[in-house]
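Input: a single structure, listed below in structure tokens.
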Amino acid sequence: MGAPPVGRALVLLSGGLDSTVCLAIAVRDAPGVTAVTVDYGQRHRVELESATRVATALSAEQLVVDLDLSAWGGSALTDDAIAVPDHTAGPSGAAPAAESPAIPTTYVPARNLIFCALACGIAESRGCDSVYLGVNALDYSGYPDCRPEFVAAFQQAAALGLKRGVEGHPLEFRTPLIRLTKAEIVRLGVDLGAPLALTWSCYRGGAEPCGSCDSCVLRAKGFSEAGVVDPAAA
């Protein structure tokens, strides 16, 4: 991931486990942090409340942006006509997305492409030197906009398209979790004192986590393999 950033950092914060740990890393490393949360019309809107609580707990400035991607739908997370599927384990117990080239219905068309562009505008206007993304290896095999190749390509595009980039100060995209398993992310979060009890992972967004969607199952597997009791479920 390289040396700690020399200036302010921006973190895309959903309120989930991964982005919360990512925010904790940024707070540790950067002299100032802005957490950007996007209200994109997601089914699991409870994560927005989690994001605000997480940002407050980590003393990070939070900016909430309204950007309704449900206007065109195309995802189980933004279109009520598309059901959120239950997790179906493959031979290794992993999510289907990790073992199949098929992209799951929980993929939101161009979400990270849009969010990264938004992050660029905010980061440049706020004087941030780096953008932290909580993408990880359990996601990028299924979601094309979570792969290392996507992040590298977007960073190059940002260097060409931003004023600071053409002036010799390109924005750096940091993905500290991208090679980690969920268990490793959990352990890192515990070591950093991240407020894991405040996080929300369920795609269905009811009063309580459903326990059966991919996100719930992967979260439970991560805590189990880390040997840590999930404080949000305790």
**OP:** Take segment 33-43 and flag every residue that is farther than 12 Å from Val131 by Cα and either buried (at least 23 other Cβ atoms within 10 Å of the Cβ) or in contact with an Asp or Glu (Cβ under 9 Å, 6 or more places away or on another chain) (or both).
**Re:** Thr37, Val38, Asp39, Tyr40, Gly41, Arg43
Original post:
Out of curiosity, is Leu133 of a type in the set (A, V, I, L, M, F, W, C), closer than 22 Å to Ala183 by Cβ and in contact with a helix residue (DSSP H, G or I) (Cβ under 9 Å, 6 or more places away or on another chain)?
Top reply: yes
Original post:
Has segment 182-195 got at least one residue that is surrounded by fewer than 22 Cβ atoms within 10 Å (Cβ to Cβ) and free of Cβ contacts under 8 Å to residues at least 40 places away in the same chain?
Top reply: yes
Original post:
Counting only residues that are on the phi < 0 side of the Ramachandran plot, in contact with a strand residue (DSSP E or B) (Cβ under 8 Å, 6 or more places away or on another chain), part of a loop (DSSP other than H, G, I, E, B) and touching a residue at least 40 places away in the same chain (Cβ under 8 Å), how many does segment 9-31 have?
Top reply: 3
**OP:** From (1) aliphatic (A, V, I, L, M); (2) at pLDDT below 95; (3) under 17 Å from the mean Cα position of the chain (by Cα), pick out the condition that doesn't hold for Leu118.
**Re:** (2)
Original post:
Does Ala152 qualify as being small (Gly, Ala, Ser) and within 15 Å of the chain's Cα centre (by Cα)?
Top reply: no
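The values are calculated or read from the model by the stated rules, or taken from the named source; none is laboratory data. Please read these numbers as outputs of a predicted model, since none were measured by experiment. Note that we place each Cβ from the backbone using ideal geometry, even for glycine, and neighbour counts take in every protein chain shown.
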